[in-house]
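To start, the structure under review is shown below, and the notes come after it.
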Amino acid sequence: MRLKKLSLDLFGHFAGKSYDFGTGSEGEPDFHIVYGPNEAGKTTTMEAYLRLLYGFDTREAYDFQHQRKNLRVSGTLETAQGDLTLTRLPTRATSLVDANGTTLPEAAIAAHLGGLTAADYRSLLCLDDETIEAGGEEIANSKGDIGRLLFSAAAGVSDLTTVLDRVDTDANALYLKRSSKSEMAQIKKELTDVVAQIKAQDVPASAYRKLRQALTTATSQETEIGDERAKRMSQLAKIRTQQAALPLLQKLDQLEADIAPFADYPDTLDVAPENLVRMLTDQRQAQADIARLQDEVNELGVELSQIARQPDQLYLQSALADLDPARSRFATAQLDLPRRIETRDEIIADMTRAASELGAHDDPTQLIIAPSVLSQLEQSREAKRTAVQNLQTERDEVTHLSDRLAIVSENLARTTAAHPVGTTIGEIFDRFSADSLAPAYAKATAAIATAQRQLAIALAGLSINGQSFSTLSPCALTTQEVGSLADTHSEATRKIAQTNDEIDQLNAEIAVLHAQIEQMRSSGLTIDDATSDAEMQQRNALWHAHRDALNVETADKFEAALQRTDNTAQQRFTQANDIGQLRQATQNLAEIKARVEHVKQRLEKQQTQQASISNQINTAAQQMGLTTPPNPIAFAKWVTQVEAAHAAQQQLNIIRDENAAILEKSSRLVAVLSEHISLDAPDFDTLLAAARQKDKAARELREQRNTEQRALDDLTSDHKKRVQRCAELLSIANSASKDWDKLVAECLHNQVEPDRLELSFEPLRTLRELDVRRTTAARQVDAMQADQAQFSAAMAELATKHELDVRDDPLNVFAALAELSSAAQSAETNHAALTAKVINQKSAITRAQQSLTDIDRKVAELGKLFPKHVAAQSVDDLRHAVAKAKDVISARREVDELETQIVGQLDLHDMTEARTALENTSPAMLDAQSMQLQGDLDELETRYRQAIAARAEAAKDLQSVTDDNVIAELAERKTTLELAMQDVALRYVELRAGHMLAQEAIRRYRDTHRSSMMDATQLAFSELTNGAYTALQTKPDGANETLIAIDASGRAKQAQDMSKGTRFQLYLALRAAAYEQLASQGTCLPFFCDDIFETFDEERTKAACKMMERIGRRGQAIYLTHHQHVVDIAQEVCGDGVRVHEI
C-alpha cells in the first residue's frame, strides 16, 4: 500500500491543504521530501496521515483552530486491488467513508496494514525525535515484536538463559562465600551445635521419667476440660437457635390468622395488574370512539346530499384526450404551414439550377437516378480509370526490368571470372571430421594439462621439514594404517599424561594423610591401637604372674596394670571419634600407596606401547624417503598427501592413454593442411583457424555466383511476363472506355456528355438530395392541411351537442369543452371520496363495538377464577379482586419461607417437631438459660487455657532434656551432617561446572544462528556510519538480550554509550531492517521520518538519504524537514529518485 494523495481538509491550522505523491512506478524509487519552514505543518501532515488510517483521538491535540466535530482528513491509497479513496471523520460509529459518502468498515483499511496498531505504526514507521529513541531502545533490548524478531538467534536460548539463572541460584543456595544462609553454612552451623550438645547434655533417666509423667498428667487434664467445654458450647448453641426461632413462629402464627378468611382464593394467579389497567383504558377508548364516529357519519351524509353530479359530461375527458394530438397538430399548422409551402418552392428552383450545371435544360426530375444506378456509374468510371492506370504502371515496370537485366548480367560475368575450379579445404575437413576433432583435441590437451598441474601441486605439497620431492616413493603404510597408529599414539600420550596426573594426585593425598596421622599422634591426646595393645599385653602377663604366685606383690602389680588398662579404655572411649579417624587415615594411607604402585605399573605399560608405535612410524618414514621422521599426526597427514600424489600420477597416465588416438589423428590433419596453408611451424589451433578462414572465403564466392545466376534467371522470366501483361491491359482499357460511354447515355437519356460527367458525380447527388427534400416538404404541406380540416369538423360536432357557438375558433371550442369536463370530474371525485370515508367510519364503529365485546368476554373469564361471593363483574371490580388475591398469594409464600427458616434453624424435620421443641418456652426463660451457660463457659475457657499452658510447659521441659541414649543419637547426627557436607560440595561442583559449559555453548550458538534481520541491521548501520561501526552482537541480560555495536577498532558499545546522532543512526537502521522484513512478508506501507537527520553530519546524511531511496524502491519513503541542506543533499545523492514537495 502507498499514499497517492493526502488532503488536510480541516486539520490543525490547515483548511484544504493537499499533497499529490503521484502514481508509483515499478522499479523506480518512491522517495519524497516535504520541505517547509518551522511551524509550516510538517508534523501536522504526518499526524493527519495517522488519523486517516486509525481515526481521531478522543482528546484531539490538533483541534486548536477547527472544532473537533468539524475535523476532516481524506486521501487516496494505492492497493493491490486498486485505488482506495477514503475520508476520515471525527464521529464514533461511522468515521470512515468512501468517495461517494458511503460508510465503510474499519476492515476496509485494516486489511492493508499488516496487523499494525496505531502505536506500532507510530513506533516503527512514523519517526520523530521521541518515537525513534523510545521505540529504538525497546527494540535494542529485545522487547516488543520487532525486538524479538531482531534477537531471533536467541529463540529457545532465552529459556535456557532462564534455566542457567536458576542453576546459578541453586549453586549459590548450596554454597556462597561469606554467606550465612547457604545450605553449606546451615549444615556447618548445625554441626557446631551438635558437637556442643554432645559435650554439654547428659541428663539422668529419673529426671526424664518425672518430666514424662508431668506431661501425661497435663495432657489428661487438658482433654477433660476440653470435652466439658465442647458440651456446654453445644447446649448454648441450641438455646440460641430457639431464641432466634421463637419470634419467627409468632410471626408465622399471625400470618396464618390473617389469610384464613381467604382460604378459597386461588393459589396462583397469572394476571398482571397493568393488563387490567390497559383493558380498562381500551374499554373507555372504544366507547368514546363509537360516539365520535357516529357523529362524523351523520356530517358526511349532509355533505353528500349537497354535491351536483353531471354524468353525461364525464365522457368528455377521454374524448378530449383522444383529440388532444389533433389539437396540437392544428395549432402547429396555423403557425408553420406558410413556411413549409415557401420551402417546397425554393427546393424546386435549386433542382433546376443543378441540372443546368450538367448541360441539361429539360425537366430536372429525369436526371434523378436510383442509388444503385449511381453506384453502377461510379464502378464503370472507376474501372476505366483503373485500367488506364494499370497499363501505365506495367509499362514503367518493363522499362525498369530491362535496366536491371543489364546490370545483373555484367556482375555475373565478373564473379565467374574470379572463382577458379580446384580442390577445396572443405573436402579435407569432411575427410578428417574436423568439426568433431577440434573440440575433442582441445578437451584432450586441457585434460592432460590439468592432470599434469594437479600432479605438480601434489608433489609440491609433499614438502616436509625442509625436504621436497620431485618423484614419488612407494607407500610403506596405507592411510588407514598410519591414521590408526597416530590415533593410538595420541591416545597413549593422553593416557600417560592422565596417569602422571593421577600419580601426582595420589602422592599429594599420601602427603596429606601422613601429615594428618603425624598431627594426631604428636598431640599426645590420642591413644593409638599400638599403645592400647601393649598395655593389654602387660596386663595379661601380670595376670598370669599373679595367678601363678597369688601373693600381695603380684596382686598390687596386677591391680595397677588393670587400673591403667581401665583408664586407657575410658580415655579411648571418650576419644572414640578421634581414634576412628586415626584408624581410617591409616587404612586410607595403605590403600593409596597400593594404588600408586598399581598406577606406576600401568604407566610403564603405556610408555612401552607408545615407544613401539613410534618405532613403527619411524621405520615407515625412512622407507618412504624421509630423512627426519615427523610426529605421528604430521606423518599421517603426509601419507595422505603421498597417496593423493600417486592418484594424480595414475590419473595423468589414464588420460594420456585415453586420448592417444585423438592426438595421432590431429597430427595427420596438420600435415595435410600444411600443403594448402603456408605458415611457419603453426600449432593445431592456429592452422585449423587459418584453414577455416580460407574455406569460408571460397564458400562465399561460390554462393555469390549462384545467387547472381538465380537473380538473372528470375529477371529474364519476369521481363517476358511483363511484356505480355502490357498487351492484355491495353485491350482492357479500350473496352472499359466503351462501356462507360454506353452506360452514361442509357442512364441519363443522352442529356449529359460522358466526359463532363466523368469529372464529378456531385451534381447528380445534389439533384437526388434536393428531390428527397422536395418530396418531404410536399408531403408535410398536404398532411398539415388534412389535420386542420379533420380537427375543425370534430370541434363543430361537439359544440353542437353541448350548445356551444359552432362559428367560434376550434381551439376556443376545445378549451370550453375542457372546462365542462373538469367540473364534472371534480364533482364525481368528491362524491366518491365522501362515500369511501363514510364506509371507513362505519367499519371503525364495528371494530370498536367488537373490542367492547372482547373486553366483556375476558372479564367474564377472569371472574371465574374467584369465589362467587367476590365481586368481579366489571373491570374495576376485577382489579380490586386481583390485587387482594396477589396479597393473599404473597402472604402464603411468606408462610412457607418462615416454616423453612424455622425448621432449618432448629435442624428438625417439620413444623410439628418445631412447635413441640418450642412448646412451654418463653424468651425470658431462654435468656436465663443462655446467661447461665455463658457463665459456665467463661469459667471453663479460663481453666482450658491454663491446662493448655501447663501442658505446653511440661512438653517444653521434656524437650529441653534427653535420656541416656542422646549421646549416641547426637554422634549419629554428627556423622550424617558430615556426609551431607560432602554431598553439598559435590552437587555445588557439578552445578557450577555445568553452568560454565552451558554459557559457552549458548555463546557459540548465538554466533552461529544470527537472524536475517540482525544481518540487515548490521549492514544498514555500517552504511549509515560510513564503516565507523562494522558489526552488531548481542549479550544476554537476564531473560532478554541487549544489542552491542562493534566499531572499526574492535571496541564494543551499547546504545546509551553512543552520541545522539550515532544512536539515532542505529535506531534508523533497526527500522530500515524491520521495513525490509515487513516488505518481504508482503506488507509495504509508507515510511515517515520527521527531521531525524538533524544530528547527522553531512556524510552520514548522504548515507541516510540513500537508505530512504532504497526503502522507496521496496515501498514508499516520505521525509519531512525544514533544512534546505537536507533537500540539497538528497537531490545530489538521489538525483531524479527524489521528489520535493514544498509547504
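Look at the dipole of region 530-574 built from charges on Cβ: of Val552, Ala530, Asn540, the Cα furthest out on the positive end belongs to Ala530. List the residues of region 775-819 whose backbone N lies under 16 Å from a point placed 7 Å from the Cα of Glu342 along the Cα-to-Cβ direction. Zone members listed by number: 781.
Residues within the reach of a label modelled at Thr493 (point 7 angstrom out along Cα to beta-carbon, backbone nitrogen below 18 Å), restricted to region 626-667, are 628-640. On the beta carbon distance between Asn507 and Ala998, with R0 = 41 Å, the FRET formula returns roughly 0.75.
What FRET efficiency would be calculated for the residue pair Ala272, Thr921, taking the C-beta separation as r and a Förster radius of 41 Å, to the nearest 0.05?
Computed FRET efficiency for Ala272 and Thr921 comes out at 0.40.
The distance between label points at Ser614 and Glu256 comes to 11.9 nm (points 7 Å beyond Cα on the Cα→Cβ vector). Among Trp638, Trp543, the order by Cβ neighbours within 10 angstrom, fewest to most, reads Trp543, Trp638. The mean sequence distance of close C-alpha pairs (under 8 Å, at least 6 residues apart), as a share of the length of region 530-574, puts its relative contact order at 47 percent. The orientation-averaged projected area of the convex hull spanned by the Cα atoms of region 789-835 comes to 3.6 nm².
In debye, nearest 20, what is the charge dipole magnitude of the chain about its Cα centre with +1 on Lys and Arg Cβ and -1 on Asp and Glu Cβ, if you could check? Charge dipole, the chain, about its Cα centre: 2720 debye, nearest 20.
With a ≥ b ≥ c taken as the square roots of the eigenvalues of the C-alpha gyration tensor of region 349-429, please select rounded if a/c is under 1.5 and otherwise prolate if a/b is larger than b/c or oblate if it is not?
prolate
Put simply, the amide H of Val34, placed in the peptide plane, has neighbours under 5 Å in Tyr1119, Leu1120, Thr1121, His1141, leaving out anything fewer than 5 places away on its chain.
Normalised by the number of residues in the chain, the mean separation of alpha-carbon contacts (under 8 Å, six or more apart) gives a relative contact order of 31 percent. Rank Ser490, Gln392, Gly136 by how far each Cα sits towards the positive end of the charge dipole of the chain (+1 on Lys, Arg Cβ; -1 on Asp, Glu Cβ) and give me just the farthest. In the chain, that residue is Ser490. Once the Cβ-Cβ distance of Lys177 and Thr900 is raised to the sixth power relative to R0 = 56 Å, the FRET efficiency obtained is 0.20. The amide H of Thr1034, built 1.01 Å from its N in the peptide plane, has Ile1044 as neighbours under 5 Å, considering only residues 5 or more places off or on other chains. Put simply, when 1018-1024, 77-83, 950-956 are sorted by average Cβ atoms within 10 angstrom per residue, most first, you get 1018-1024, 950-956, 77-83. Classify region 744-875: rounded, prolate or oblate, from the alpha-carbon gyration tensor (a ≥ b ≥ c, eigenvalue square roots; a/c under 1.5 rounded; otherwise prolate if a/b is larger than b/c)? Because a/c hits 1.5 or more and a/b fails to exceed b/c, region 744-875 counts as oblate. Label-to-label distance for Ala660 and Ser822 is 13.0 nm, based on points extended 7 Å past Cα in the beta-carbon direction.
For region 210-221, 3J(HN,Hα) computed residue by residue from phi via the Karplus equation (6.51, -1.76, 1.60; θ = phi - 60°) reads 5, 5, 4, 5, 5, 5, 5, 4, 5, 5, 4, 5 Hz, glycine and proline entered as x. The value given for the chain is a Kirkwood hydrodynamic radius of 53.0 Å, derived from the mean inverse Cα-Cα separation. The spread of Cα positions in region 530-574, taken along each principal axis and listed from longest to shortest, comes to 35, 16, 10 Å. Relative to the longest principal axis of the Cα atoms of the chain, helix 660-674 runs at roughly 40 degrees. Restricted to Cα atoms, region 25-84 shows a radius of gyration and a Dmax of 14.7, 43 angstrom. Beta bridges assigned by DSSP with both partners in the chain are antiparallel in approximately 65 percent of cases. Estimated at 0.36 nm per residue, the fully extended path between Arg404 and Lys593 surpasses their Cα-Cα distance by 55.6 nm. Label-to-label distance, Thr386 versus Thr716, with points set 7 angstrom from Cα along the beta-carbon direction: 3.5 nm.
What is the extension gain from Asn734 to Lys600, computed as 0.36 nm multiplied by their sequence separation minus the C-alpha to C-alpha distance, in nm to one decimal?
Separation in residues times 0.36 nm, less the Cα-Cα distance, equals 34.5 nm.
Read-outs: derived from the displayed coordinates by stated rules, not from any lab. None of these values were measured; they are calculated from a predicted model. Here the Cβ is made from the backbone with ideal geometry for all residues, glycine too, and neighbour counts use every protein chain on show.
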